[in-house]
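Let me begin by presenting the structure, written as structure tokens, before commenting on it.
The values are calculated or read from the model by the stated rules, or taken from the named source; none is laboratory data. Please read all numbers here as calculations on a predicted model, not as lab measurements. Here the Cβ positions follow ideal geometry from the backbone for every residue, glycine too, while neighbour counts run over all protein chains shown. These accessible areas exclude ligands, DNA and RNA; they are computed on the full protein's heavy atoms, side chains included. Shrake-Rupley method; radii C 1.70, N 1.55, O 1.52, S 1.80 Å.
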Amino acid sequence: MRVGGVLALFLFLASVDAQHLFLAGGGLTAESYFFWNRLILFAGGRGQAKIGVITAARDDPEEASKELKTILMNHGARQVTWIPVTGSVEDSANNETIANMIVKQSAIFIDDGDVHRLVRVLRNADGTDTIVLAALREKFQRGVISGSGAGSAALSGTPLPVSGHSYETLVHGTRVHSEQASAGRRGHKRNFAGCFYLTSGLGFLRSWLIEPHFNEHSLHGRTIRLLLDTRGTANTYGLGIDREMALAIYRVGSEQEYAEVLGNKGGITIIDPTKANYATSPKLHISGVQITFLTEDDKILLGTEEVLPATWKSDLSGEEWHVLAAPSDDIFSANKDGTKGNFNHVAKRLFDSQLSKKVSSVTWQSSPQFVVDMDSRSGESFHNDSPSTSQHLISYARLSVSISTKA
């Protein structure tokens with residue numbers, strides 16, 4: 001999917017007067033230069049950037065803000081300001097003084113933690129925007145909003161999961177989270193092993209469900225089922241971001257919107273269920289889901305899902321290393337991407353196979369057992385050794401995936 005005029009997309013990069021989202025999958029450290037340097041650049045540059053940090057998702061938000069201040073100042077921020085919205089201070093998100101602090105920043109960073117706690121703090125009990133959330137929307141109109149982990153997930157414009165794993169969600173389904181639904185008479189969680197979800201994230205990236213720590217927890221099944229259970233008249237998509245990886249989305253909502261993969265320790269997963277067939281009775285059957293996986297330096301036009309592979313990558317077709325694909329007997333293994341049997345490991349091996357175009361894997365759980373079929377015939381893939389780590393990287397687009405209960 002190479003586009004001759006793609007360089008035109010980069011002409012606006014010097015401008016910060018637009019809506020930009022920088023979304024990390026969690027696990028950021030002081031050494032995460034790929035993220036902090038890009039944030040500082042778009043917040044005005046070294047010696048100029050003024051960053052406001054929101055740590056409301058943390059157990060100890062003020063202490064977390066001190067660590068972030070040290071990191072950001074060491075990366076060249078001129079000023080780092082804690083935005084003191086917390087669940088421990090009643091109605092702190094409706095404080096006009098705090099809201100005014102947001103307006104004065106050149107960018108906002110929302111930290112990881114408990115996504116439910118974060119949304120609960122920033123949104124009023126009736127679902128309306130707090131004054132602080134309204135200020136964040138105003139800041140977004142002409143600047144940068146960024147987040148990591150829960151801070152990224154909260155920016156979703158779709159229903160937002162707060163619990164559940166892939167296999168259990170495929171078995172038990174999804175339910176709207178409420179204090180009554182998720183807790184019993186004595187305050188203990190009811191015995192529901194599926195996925196509880198909030199009816200909506202904060203809506204900064206419309207039509208997208210943002211899932212951090214994605215391949216680390218193999219969340220493909222959870223994301224697919226939630227997207228299908230909650231789909232309506234408008235198309236919605238899944239965006240999985242691996243730990244220590246990020247997606248920079250420039251000029252969100254405009255005709256010039258595109259996204260760029262930052263980092264080299266994993267990837268970004270795009271799930272498109274818009275043409276999927278879906279049935280839960282008499283048995284679960286899902287087919288026609290398309291999955292794209294991008295790695296270091298890849299770009300994508302989110303509006304059309306057109307992939308622009310890194311300039312240093314070449315077509316994998318004709319250069320495959322393996323003869324056959326390798327199915328898994330534990331397809332939703334909740335381990336890192338490189339683990340044998342993990343969903344993404346199987347998918348990449350399929351594209352890296354000379355003869356195989358399909359592969360069928362199963363869950364290790366057998367009551368019920370699910371079959372996950374992958375078909376690469378309508379897809380394409382790209383590869384090369386990373387210029388930053390020398391690790392061999394594979395990206396792929398439009399993998400067709402089906403999930404069904406084994407007969």
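With all protein chains in place and a 1.4 Å probe, the accessible surface of the chain carries 47 percent carbon and sulfur. The protection proxy used here, the mean number of other Cβ atoms lying within 10 Å of each residue, ranks peptides 353-359, 202-208 as follows, highest first: 202-208, 353-359.
Comparing 108, 300, 145 in a Gaussian network model of the chain (Cα springs below 10 Å), the most mobile by mean-square fluctuation is 300. Given the alternatives [x] 25.4, 80; [y] 21.0, 63; [z] 25.6, 90, Rg and Dmax of the Cα atoms in Å as computed for this entry is given by [y].
With a cut-off of at most 16 other beta carbons within 10 Å, and DSSP calling the residue loop, which trypsin sites (Lys or Arg not before Pro) in the stretch 267-300 qualify? Please list them.
On the way: sites: 275, 283, 299; in loops: 275, 283.
Counting only loop positions with at most 16 other Cβ atoms within 10 Å, the trypsin sites (Lys or Arg not before Pro) in the stretch 267-300 are 275, 283.
Given a cut-off of under 8 Å on Cα pairs at least six residues apart, what relative contact order in percent is computed for the chain? Each step should come with its number before you reach the end.
Values: 1003 pairs, mean separation 55.8, N = 407.
That works out to 14 percent.
When the chain is fully extended, how far beyond the present Cα-Cα distance does residue 100 get from residue 390, taking 0.36 nm per residue of separation?
Gain on stretching residue 100 to residue 390: 99.8 nm.
For the residue pairs 50/104; 283/348; 104/299; 283/406, the C-alpha atoms sit more than 20 angstrom apart in 283/348; 104/299.
Within the chain, what is the longest stretch that has no GluC sites (Glu not before Pro) placed in a DSSP loop and near at most 11 other beta-carbon atoms within 10 Å?
Values: sites that count: 31, 90, 255.
Excluding the exposed sites themselves, the longest stretch runs over 91-254.
Sort the following peptides by mean Cβ neighbour count (other Cβ atoms within 10 Å, averaged over residues), highest first: 389-398, 366-375, 33-42.
On the way: 389-398: 17.9, 366-375: 16.3, 33-42: 20.0.
Answer by packing, highest mean first, reads 33-42, 389-398, 366-375.
Counting only protein heavy atoms and a 1.4 Å probe, the chain has 44 square angstrom of accessible area per residue.
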